[in-house]
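Reviewing the structure listed below.
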Amino acid sequence: MSYTLCKTLSIVVPCYNESTCIRDFFIALRETCEQYLQYKYEFIFVNDGSNDSTQKELEVIASGDGRVKLIEFSRNFGKEAALTAGLRASTGDMVVPIDSDLQHPPSVIFELVERFKKGDVDVVIAKRRSRNTESLVYKTCTKLFYDVQSLISECDMPRDAGDFRLMSREVTDVLSSLPENRRFMKGLYAWVGFRSAFVEYDVAERIGGNSKFGGMKLLSLAANGILDFSSFPLRMWMWLGFIVSFVAFIYGIWIIARTLIIGIDTPGWATLMVVVLFLGGIQLISIGVLGEYIGRVYSQIKGRPTYIIRSSSSVKDSDE
């Protein structure tokens, strides 16, 4: 796409219980955007079923700025659903998802725009310069996830990059058209491809509230990233089954040969129990992995929408 056509910038902001910081965020965002008056703007806030006063704060923001679009979900569907709704509601030639806690500095948006203006890429990814603000456990787990994901996945997700990025209209439309209802956006960004470049930035401190991603949510998100973009877990248990069966076959031949040569002895109870429990454990784990994939297929074929919109400004009531 020629940059001369890219004059409208859509900024997508998913929100969940951000009443303490959403006004400060919008003030900072608007002040930054007013420095670049050559663009038209639309600000799309997606309230992901917040149970605090986030919706009231957003309505105040919208009443003072006609460029603001509001989408309110009927309940909490998760950040991936909120991002999906925001992307589908956007109309700009350039689309930027950004968090509402100011850890993504608004000024970086225009560093992304400047890189995009060169015209040789379709996506400009904001990549965090370091993880010095994170705990050792979090950094270790993150590195492990990316190592495993790059080893087994069908698409390589960029390290130290999240949802903060600039996408062309073409890329946004492709992402919006994908039919799956359980969405891992970081994986989908990588899966659709397109030419991309990186802009590094420093993560700022939160201006209020707490992170909505605890240990279990992060673990679930990591599992989605691996299971949704790789069939390796299924193949792994298949090959493990082959290996165990081969070892058992060789062991059986050895027992037969030993019996024919030196006769029958009393087998050991401990050995028998270890083998039975080991094989039983493998079977249960493999059934669990298979169940995860079947559950995802079952969820998809039911055809339920990724989200349901309770109220909105110029947006459809649900994803179809």
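A compact table of results
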| read-out | value |
| --- | --- |
| Condition check for Ala204: out of contact with any strand residue (DSSP E or B) (no Cβ under 7 Å at 6 or more places or on another chain), assigned to a loop (DSSP other than H, G, I, E, B) and modelled with pLDDT of 70 or more | yes |
| The range 42-60 - residue that is in contact with a Gly (Cβ under 9 Å, 6 or more places away or on another chain) and crowded, with 24+ Cβ neighbours inside 10 Å and, of those, nearest to Ile11 (Cα to Cα) | Ile44 |
| Odd one out for Val113, checked against (1) buried (at least 19 other Cβ atoms within 10 Å of the Cβ); (2) at pLDDT 90 or above; (3) within 19 Å of Ala85 (Cβ to Cβ) | (3) |
| Filter pass, Glu72 being more than 20 Å from the chain's Cα centre (by Cα), of a type in the set (Asp, Glu) and either under 27 Å from Asp202 (Cβ atoms) or surrounded by fewer than 21 Cβ atoms within 10 Å (Cβ to Cβ) (or both) | no |
| Filter result for Val60 (assigned by TED's automatic domain parsing to the domain that holds Ala190, aliphatic (A, V, I, L, M) and under 23 Å from Ala190 (Cα atoms)) | no |
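The values are calculated or read from the model by the stated rules, or taken from the named source; none is laboratory data. Every value quoted in this text rests on a predicted model; they were computed, and no experiment measured them. Cβ: placed from backbone, ideal geometry, glycine included. Neighbour counts: every protein chain shown.
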